[in-house]
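Read-outs throughout are calculated quantities, based only on the coordinates presented, and are distinct from any laboratory measurement. The structure displayed is predicted, hence computed values, not measured ones. Reconstructed Cβ throughout: ideal geometry from the backbone, glycine too, with neighbour counts over all protein chains shown.
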Amino acid sequence: MRIIIEALRYARDQYQPRGALHLFLAVPAGLAMLIGQMLNTFGPVQTYEHVPTDAVGRYSPAARLQPAM
């Protein structure tokens, strides 16, 4: 999990994005939530859940995490 956080922090510093961070992860929802919580300094973090509607499936918005003030 720390590798993911370090990679996201590197990408943020390198590319300086604006707005919410969108996480599309093929992991259990609990792990996505833990990763999102560790990104408190990023601003809003939107997680998505994979919904297996057919052979490919689709992503549906799940938890949106707001930074602590």
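Relative to the longest principal axis of the Cα atoms of the chain, the long axis of helix 2-15 lies at roughly 60 degrees. Among (1) 15.6, 48; (2) 16.7, 55; (3) 12.6, 42, which one is Rg and Dmax of the Cα atoms in Å computed from these coordinates? Recomputing Rg and Dmax of the Cα atoms in Å here picks out (3). Here the sum of -39500 (n - 2.57) over DSSP H runs of 4 or more residues, divided by the residues of the chain, equals -10000 deg cm²/dmol at 222 nm, to the nearest 500. Per residue, the average separation of C-alpha pairs within less than 8 Å and at least 6 apart gives the chain a relative contact order of 28 percent.
Compared with the alpha-carbon gap, the fully stretched path from I4 to M38 is longer by 11.2 nm at 0.36 nm per residue. Going by neighbour counts of Cβ atoms within 10 Å, the residues V27, V45, V51 line up, fewest first, as V51, V27, V45. Near Y59, the amide H atoms lying under 5 Å from its own belong to V51; only residues 5 or more places off or on other chains count, and H is placed 1.01 Å from N. Placing +1 on each Lys and Arg Cβ and -1 on each Asp and Glu Cβ, with no other charges, gives the chain a dipole about its Cα centre of roughly 180 debye.
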